[in-house]
Amino acid sequence: MALYADQQGGIIRSSDQGTSENNVTNQGDIESGSVQPVTIPRPEHTVSRASISSSALKVLYRLKDAGFQSFLVGGGVRDLLLGREPKDFDVGTNATPDEVRSLFRNCRLIGRRFRLAHVRYGREVIEVATFRARHEGEAIDDRDSAHSDEGRILRDNVYGSLEDDVWRRDFTVNALYYDIKDFSVVDYVGGLDDLKAGVMRVIGDPEKRFREDPVRMLRAVRFAAKLGFRIDPDSEAMMHALGHLLEDIPPARLFEEVLKLFQGGCAVATFELLRHYDLFRYLFPMTDEALSHEEQGFPITLVLRALENTDARLAEGKTITPAFLFAALLWEPMRLQMQEFLNQEMAPLEAAQVAGNQIAAEQVQVTSLPKRFSFPMREIWMLQSRFERRRGKAPHRLLEHPRFRAAYDFMLLRSEVGEAPKETADWWTDFQVLNAGEREQKIESSPVKKKRRRRPRKRKPTPQSDE
């Protein structure tokens, strides 16, 4: 097989071995580890040191000069071959974490389940992972390797060679290695073929690999959405069947995965894939239940509109906050719960507060939500009712609230989907740009909102005395 770069930086292959599907590594070869790697020399691929960060190059060269194997691996190689700018650069080596730390003063070791070295250069962190080995075979120290009864890997610190490490990777397109020694790209599992075909394929048996780490199903969705790839049928079938395994993943880890899923610039496509594979309900069960119903004959669209807004802000280089994201993702169950309390004659402010606390408490059982995000999320919810108060000092106090901007943006989303009055959104949009005198005039001209009359409580009859 010959592989070479075209002038646009894409991948072109000519092969005398048939189609890419025929070149995919078969299951027996994977399990036996007998596959011979394909090595693509520098003139025949598009990975250039000019596209690799200087920090990553420093790590690669220092490891090489110290006598260790040193490879750029994973998403960085994949993205460079696709002509994309990598988000980060990861390094693979046969040096142990302690040996890596001895080479870099700016290094710290992290993780118990999966021991890693982080080498920091300013704000950039280069992640260095020691080659992992499969857990079968000789007896292994329980401190280095552990599995749950369902097959999930609890600890993965069994070190091995490059050939071992390939089979511990998750997807073929993420198992490409750039060797700093001779600038070649090494492919053991047909990753280059899948890269050209646009396929996300699990290395090895999908059922076994998803049981080892169910989060791989979320990673498959994330990469497929990001790259515009399709997930191969064998992996798809297992994703439909094994989604329930996500229930055993710690909430803190799922929170981190949610941020990766929805803050990568492809939130809409990710959301649609999660729903397609029925995985969304394991991340947001209350929201999934709420979205299964229609509102007055129409589908509930605020979540989708919020995700479109998230993608647009990221494309424009603007910041986003998990508090706003979770406020949108959990708004529908929050709104339904609040309405239930209102039907019980609870005051609006109290209903919003109690409902917000209840929804947040239930969600953290699935995906943890740090207080630095859960408090602002609930404030965004609590402020929604205050946009209806447009007389007296209330508008000025709301405008000065630290969460005003986030709450205002959220109210605009509600207006766009027909949940909040457009007239209210327009009023607040205008109010912000007026001077002090004009604001007072606008407040004076605002209609007086009729107070909601509460039903008088029925008094219990006074018991009659026998005397």
Practice problem: Please enumerate the residues belonging to segment 45-90 that are surrounded by fewer than 22 Cβ atoms within 10 Å (Cβ to Cβ) and at positive phi. | Solution: Gly67, Gly83
Quiz item: Do we have any residue at all in segment 136-156 that's modelled with pLDDT of 90 or more, under 26 Å from the mean Cα position of the chain (by Cα) and over 28 Å from Phe229 (Cα atoms)?
Solution: no
Exercise. Could you list all residues from segment 352-383 that are among the small types (Gly, Ala, Ser) and under 24 Å from Ser292 (Cα atoms)?
Key: Ala352, Ala355, Gly356, Ala360, Ala361, Ser368
Self-check item: First in segment 394-412 and closer than 18 Å to Glu423 by Cβ, second anywhere and surrounded by 14 or more Cβ atoms within 10 Å (Cβ to Cβ) and of a type in the set (Val, Ile, Thr), Cβ under 7 Å, 6 or more apart
Solution: Pro395/Ile443; Ala407/Ile380; Phe410/Ile380
Practice problem: Select the strands (runs of 3 or more DSSP E) contained entirely in segment 49-122, then report the ones holding at least 1 residues which are under 23 Å from the mean Cα position of the chain (by Cα) and under 23 Å from Val189 (Cα atoms). | Solution: 70-73, 90-93
Practice problem: Kindly indicate the residue of segment 390-402 that is touching a helix residue (DSSP H, G or I) at 6+ places or on another chain (Cβ under 7 Å) and assigned to a loop (DSSP other than H, G, I, E, B) and also farthest from Glu438 (Cα to Cα) among those meeting that condition. | Solution: His401
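The values are calculated or read from the model by the stated rules, or taken from the named source; none is laboratory data. Small disclaimer: the values here were computed from a predicted structure and weren't measured. Cβ coordinates were reconstructed from backbone atoms using ideal geometry, including for glycine residues, and neighbour counts include every protein chain displayed.
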